[in-house]
Amino acid sequence: MREIVVISGKGGTGKTSLTAAFAHLAENKVICDLDVDAPDLHLLLAPGPLRTEQFFSGHEAIINPDLCTGCGICASMCRYEAIAPVSLADRNVCQVVPTRCEGCSVCVAFCPEQAIAFPSRHCGTWYHSDTRFGPMIHAQLFPGQENSGLLVSRLKKEARNLAQAQNLDLILCDGAPGIGCPVIASLSQTDLAVVVTEPTPSGVHDLERVTGLCDHFRTKVAVIINKYDLNPEHTARIDALCAQKGYALLAHLPHDEQVTQAMVQRQAVTEGPDSALTTGVRQAWHTITQFLG
């Protein structure tokens with residue numbers, strides 16, 4: 001079983017569009033969207049959920065107003081100022097501000113009335129779905145929730161189990177942009193990181209950051225320069241960086257409005273008419289398959 005993750009140092013480089021195109025071209029694969037904070041691969045693949053599971057991670061404090069005496073000990077102990085007094089008709093009680101609670105449980109430990117429950121925090125939902133390109137594992141965190149790295153690890157585990165159960169030999173992942181926890185988790189046990197960049201100052205800078213992360217975890221790197229014809233000078237800088245670091249340079253893809261047209265139609269760009277862009281994408285995928293052996 002091989003695992004590929006498509007990542008980028010910044011958003012907007014075309015990472016998800018290329019992942020959808022690779023999903024169209026690949027065979028015997030599980031598709032996995034690891035951008036759990038702001039997923040969008042489902043917009044192109046239109047998955048139909050076959051299984052829906054709730055994701056719980058960490059804990060949150062909940063004060064029972066019937067047991068609370070309003071003594072304020074919990075508020076004085078909380079360093080995050082996540083507990084505020086509330087006036088009821090007959091007395092004052094304490095109440096947790098959910099957006100500030102870090103789940104440290106100090107209030108639970110020091111409450112003299114044992115009025116504070118500490119259940120697991122419901123952070124989001126993950127899915128096993130079916131698409132026109134094959135099975136897909138994906139998720140959505142609720143706004144403001146943390147532990148996205150833990151959810152990414154859960155998705156990768158589910159994708160591997162599904163691939164083994166259905167005798168599939170490839171896991172194709174759409175990673176999150178940047179270099180944070182979701183990206184670090186997505187690189188775990190990955191055979192190849194396909195880094196999508198663009199010839200702009202921020203594109204070059206963020207390419208250096210994300211490839212540095214891959215080097216730190218000893219993950220093989222291959223690079224695609226999207227919209228290479230926007231700035232020949234920065235394209236040359238990326239070419240030189242790949243040559244210096246020994247990264248495989250998969251493709252120089254031209255700027256093409258066909259990508260936007262495919263997005264509007266909720267399609268992968270390779271589902272449309274042939275062009276210099278689609279030829280480059282197909283050649284890039286062929287190189288990836290050779291690269292993985």
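On the given criteria, is Cys101 farther than 30 Å from Ala163 by Cα, surrounded by 16 or more Cβ atoms within 10 Å (Cβ to Cβ), in contact with a helix residue (DSSP H, G or I) (Cβ under 6 Å, 6 or more places away or on another chain) and not assigned by TED's automatic domain parsing to the domain that holds Asn28?
Judged against the criteria, Cys101 is not a match.
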(Q) Is it the case, given these coordinates, that Cys94 is outside the structural domain of Gly149 (by TED's automatic domain parsing), over 30 Å from Pro135 (Cβ atoms), among the hydrophobic types (A, V, I, L, M, F, W, C) and out of contact with any strand residue (DSSP E or B) (no Cβ under 6 Å at 6 or more places or on another chain)? (A) no
Q. Can you name the strands (runs of 3 or more DSSP E) wholly within region 1-110 that have at least 3 residues being in contact with a Phe, Trp or Tyr (Cβ under 9 Å, 6 or more places away or on another chain)?
A. 48-59
Q. Do you know which residues across region 113-157 are out of contact with any Gly (no Cβ under 9 Å at 6 or more places or on another chain), among the hydroxyl-bearing types (Ser, Thr, Tyr) and over 15 Å from Ser186 (Cβ atoms)?
A. Thr125, Tyr127
**Q.** Neighbours by Cβ (under 8 Å, 6+ apart or cross-chain): first from region 197-209, more than 20 Å from Pro254 (Cα to Cα); second in a helix (DSSP H, G or I)
**A.** Glu208/Leu241
Q. Based on what the data block shows, is Gly144 surrounded by fewer than 16 Cβ atoms within 10 Å (Cβ to Cβ), at positive phi and more than 13 Å from the chain's Cα centre (by Cα)?
A. yes
Q. Taking strands (runs of 3 or more DSSP E) that do not extend beyond region 180-293, which have at least 1 residues that are of a type in the set (S, T, N, Q) and touching an Asp or Glu at 6+ places or on another chain (Cβ under 9 Å)?
A. 192-197, 221-226
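The values are calculated or read from the model by the stated rules, or taken from the named source; none is laboratory data. Just so we're clear, the structure is a prediction, and the values are computed from it rather than from any experiment. All Cβ positions, even for glycine, are placed from backbone atoms using ideal geometry, and neighbour counts span all protein chains on display.
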